[in-house]
Amino acid sequence: MTAILPAAGVLARVVELRRTIHRHPELGFEETRTQALVEAELDRLGVEHRRAAQTGVVGIIRGGKPGKTAALRADMDALPVTEKSGEAFASEVPGRMHACGHDAHTAMLLGAAHVLQGMRTELSGNVVLIFQPAEEGPGGAQPMIAQGVLNDPKVDAIAMLHVDIRLSAGEIGITPGPVNASADEFYVTVHGRGGHGAYPHMAGDTIPASAAMILALQNIAAREIDPLGSVVVTVGTIGGGYRNNVIADEVKMSGTFRAHDPEIRNTLEARARRILDGVAAAYGVRAELEVLYGYPPVVNDPVLSENFARYMRTQPGVTVERPSPTMGAEDFAYFAQAVPGVQVRLGVRNQAEGIVHSGHSPQFRIDEAALPIGVQTLTAFAVGVGSGAVAVD
Ligand SMILES: [Zn+2]
Ligand SMILES: [Zn+2]
């Protein structure tokens, strides 16, 4: 099999594009400048494209030979973080930063478009290039799917890259099965009766009740779920009360439920409600629970993941690892529910250069030596799926 290595000119362009996007970060559904950059680059390459989900772009490369259709997805949005990375090409927008590597994802997909467009007469099948807005919220994958990005042409398999600080540049990670968790928000309001801090017997104190609820909720993960079925219950905020000698009549808390297994995920609301109601009854107060369901778990298609990992092991210069799943969340989950999908982790760590900070950190940086590996990986997926060398099922 021939290795698909991007040429030096493509890679220089990817670095340039990545740094340009990095300087001008935009939040979800505000990616107008990034959208224009993507469209201009696709125009320059002669790749047909259309808009989707407001600030998203869909490019299509039609191969000269028959084959399957592969989709490649990059996210484009940044985070409301003030950059402290020290990079020469740091964000020029206060309070906005590409702290999750989506600048690199977008630039690498444009690099893959460059390579694939250059070989399109020899290419088997079509390639759909999905530049998605708003991954960090409120979510661009669902509107893109609703607008038919997987249907025209019909996509047989989809891949994405996400930079990963656990792996070094030169390494990629492909793990079959669940790799990211569902992320659901919950909100608790505890209602009691206010009163004088010196006369607790005449009030219904929401503060000790809330403390007991927080501890009791930990039993979902600690005692109720199979220890091998990953679950996180985090109470992230708590607020209530007026002053030191007043009994609080109301406390509000919020938190996140995370799970890998959709069946376990679907039990969490009922478990939390039972525990909150029980503790509330014991303390003579009342608890309200509201759950806002977010992204489902990302489940890498087992067959596609194994086949693609095997294929990538034949590519020069790439080491294929099998990293542990995380309890982070990604709306690529929706694409992977619709068609066989694989999330590929791209190593960007460089210990010697101090590139060790996790995504979403103001110090976040990536080793740009990873960019060619990412372009190579995306290109290989399109070529492999299109030609049948990477079997989809
Ligand atoms: Zn992120
Ligand atoms: Zn991300």
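The values are calculated or read from the model by the stated rules, or taken from the named source; none is laboratory data. The model shown is predicted, which means the values in this text are computed figures rather than measured ones. Cβ: placed from backbone, ideal geometry, glycine included. Neighbour counts: every protein chain shown. Each accessible area value is taken on the protein alone, full model and side chains, heavy atoms only, with ligands, DNA and RNA left out. Shrake-Rupley method; radii C 1.70, N 1.55, O 1.52, S 1.80 Å.
Every residue, every condition in (1) of a type in the set (Gly, Ala, Ser); (2) open to solvent by less than 50 Å² (accessible area, probe 1.4 Å), yes or no:
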residue: 5; (1), (2): no, no
residue: 8; (1), (2): yes, no
residue: 17; (1), (2): no, yes
residue: 37; (1), (2): no, yes
residue: 42; (1), (2): no, yes
residue: 53; (1), (2): yes, yes
residue: 68; (1), (2): no, no
residue: 72; (1), (2): no, yes
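In segment 109-126, the condition of being within 14 Å of ligand 1 (Cβ to nearest atom) and not in a loop (DSSP other than H, G, I, E, B) is met by no residue. Within segment 227-249, none of the residues are open to solvent by less than 20 Å² (accessible area, probe 1.4 Å), assigned to a helix (DSSP H, G or I) and modelled with pLDDT of 95 or more.
When restricted to residues that are within 15 Å of residue 152 (Cα to Cα) and charged (D, E, K, R), segment 58-72 contains 2. Could you tell me whether any residue of segment 342-356 is more than 16 Å from ligand 1 (Cβ to nearest atom), over 25 Å from residue 97 (Cβ atoms) and either of a type in the set (A, V, I, L, M, F, W, C) or touching a strand residue (DSSP E or B) at 6+ places or on another chain (Cβ under 7 Å) (or both)? There is at least one residue in segment 342-356 that is more than 16 Å from ligand 1 (Cβ to nearest atom), over 25 Å from residue 97 (Cβ atoms) and either of a type in the set (A, V, I, L, M, F, W, C) or touching a strand residue (DSSP E or B) at 6+ places or on another chain (Cβ under 7 Å) (or both). If you check residue 352 against the conditions, is it without any contact (Cβ under 8 Å) to a residue 60 or more places away in the chain and surrounded by fewer than 24 Cβ atoms within 10 Å (Cβ to Cβ)? Yes; evaluated as a whole, the condition is true for this residue. For segment 163-201, a residue qualifies if it is aliphatic (A, V, I, L, M), in contact with a Lys or Arg (Cβ under 8 Å, 6 or more places away or on another chain) and away from ligand 1 (no atom under 16 Å from the Cβ), and the qualifying residues are 167, 169, 172, 174, 188, 190.
On the basis of being on the phi > 0 side of the Ramachandran plot, within 14 Å of ligand 1 (Cβ to nearest atom) and either open to solvent by less than 10 Å² (accessible area, probe 1.4 Å) or modelled with pLDDT of 95 or more (or both), does residue 101 make the cut? So that I can check it myself, show each step before the final result.
Working: on the phi > 0 side of the Ramachandran plot: yes; within 14 Å of ligand 1 (Cβ to nearest atom): yes; either open to solvent by less than 10 Å² (accessible area, probe 1.4 Å) or modelled with pLDDT of 95 or more (or both): yes.
Judged against the criteria, residue 101 is a match.
Number of residues in segment 318-355 that are small (Gly, Ala, Ser), within 16 Å of ligand 2 (Cβ to nearest atom) and part of a loop (DSSP other than H, G, I, E, B) equals 2. Filtered by the rule that a residue be under 22 Å from the mean Cα position of the chain (by Cα) and either assigned to a strand (DSSP E or B) or under 18 Å from residue 260 (Cβ atoms) (or both), segment 284-303 gives 291, 292, 293, 294, 295, 296, 297, 298, 299, 300, 301, 302.
Listed by position, the strands (runs of 3 or more DSSP E) inside segment 23-99 whose residues that are under 23 Å from the mean Cα position of the chain (by Cα), closer than 26 Å to residue 365 by Cα and among the basic types (Lys, Arg) number at least 1 are 70-75.
Of the residues in segment 204-212, not one is closer than 15 Å to residue 255 by Cβ, of a type outside the set (S, T, N, Q) and within 30 Å of the chain's Cα centre (by Cα). For the residues 267, 256, the requirement of being over 18 Å from residue 178 (Cα atoms) and under 26 Å from the mean Cα position of the chain (by Cα) singles out 256.
Inclusion of residue 105 among residues that are within 13 Å of ligand 2 (Cβ to nearest atom), within 16 Å of residue 161 (Cβ to Cβ) and in contact (Cβ under 8 Å) with a residue 40 or more places away in the chain is warranted.
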